[in-house]
1. Please list, by residue number, every one of the trypsin sites (Lys or Arg not before Pro) in the stretch 90-136 that is coil in DSSP and has at most 16 other beta-carbon atoms within 10 Å.
2. When the helices in the chain are scored as -39500 (n - 2.57) per DSSP H run of 4 or longer and the sum is shared across all residues, what 222 nm value do you end up with, to the nearest 500 deg cm²/dmol?
3. Using alpha-carbon pairs under 8 Å, 6+ residues apart, how would you state the relative contact order of the stretch 80-207 in percent?
4. Solvent-accessible area of His171, probe 1.4 Å, all protein chains present, reported in Å² to the nearest ten, please.
5. What percentages make up the Cα-Cα pair-distance distribution of the stretch 84-156 when the bins are 5 Å wide from 0?
6. I want to check the label-to-label distance for Gln125 and Asp166. Put each point 7 Å from Cα in the C-beta direction and report it in nm to one decimal.
7. Would you mind calculating the relative contact order of the stretch 5-68 from Cα pairs under 8 angstrom and at least 6 residues apart, reporting the percent as a whole number?
8. Between Trp85 and Asp59, take the C-beta separation as r, use R0 = 41 Å, and let me know the FRET efficiency to the nearest 0.05.
Amino acid sequence: MALIEARNLTLENRLDSVSFKMEPGEMLAVIGPNGAGKSSLLQSLAGLLPTRGDVFLNDTPLTAFTPTDRARQIGYLPQFCDSAWALAVEEIVALGRLPWHDRDVEIIRQAMRETGVEGMAHINQLSGGEQARVWLARVLASTPRVILADEPVANLDLYYQAKIMDILRQHTSEGRGVILAIHDLALAARYCDRFCLLKQGRIHAFGPPEAVLTEAALSDAFSVPIHVDLAHSPPIILPT
């Protein structure tokens, strides 16, 4: 049984008949050039865009879930988050418990410990990278089956890039899964089980790293010659 499945997702000028399955325990990277449809795909999987086609969660249509049940099953982390108020960090993380109608203090504090935001006061006092970790903690506090994360390491330093990828990797235990849009292909190659390479809204390649992260496929998708050495530790993926 697939954890999440997309069937012919189509959105005008953004997605064109995108279909794939993700199995329980997987971490799937959605990659591709700017404008390829990465963010649109994540939003469609979360049920946030009026996309034609179908999304299934554990073989159940996403449309069959109530908004509350969907929020319990799928945690969505957009690329850009902001707060119009100077909210306390713990209050923001606690928002992740809204679908469960509780305020489980241990779950909230565990999410804060994992993301390194314990002891931080108010969101407006934090750097962009610190704020990004707070918003991830909010998603973790909702304990979803699937996390959809749009560029979760974009504003982070090298230490927290690895830390957040470790957290997302750990989330795939016990039959859960993660789908993330990411530009750092070499970092993704270290953590992700499979890749979905998009080009102009269509799947250009899909599969394990060795099948998708090839010089031919990447060079064609990104319109620039790319050197790939997955045997190197860490992997090397660079334009030439």
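The values are calculated or read from the model by the stated rules, or taken from the named source; none is laboratory data. For clarity, every value in this text was computed on a predicted model and none was experimentally measured. When we count neighbours, we look across all protein chains shown, and the Cβ atoms used for this are built from the backbone with ideal geometry, even at glycine. Just the protein is used for accessible areas: all its heavy atoms, side chains included, with ligands, DNA and RNA removed. Shrake-Rupley method; radii C 1.70, N 1.55, O 1.52, S 1.80 Å.
1. Sites meeting the loop and neighbour criteria: Arg103.
2. Details: 9 runs with 79 residues, N = 240.
So the calculated ellipticity at 222 nm is -9000 deg cm²/dmol.
3. The normalised contact order for the stretch 80-207 reaches 21 percent.
4. Rounded to the nearest 10, that gives 10 Å².
5. Final binned percentages: 3, 18, 29, 25, 18, 6, 0.
6. 2.7
7. 37
8. Values: r = 41 Å, r/R0 = 0.99.
Here the calculated transfer efficiency is 0.50.
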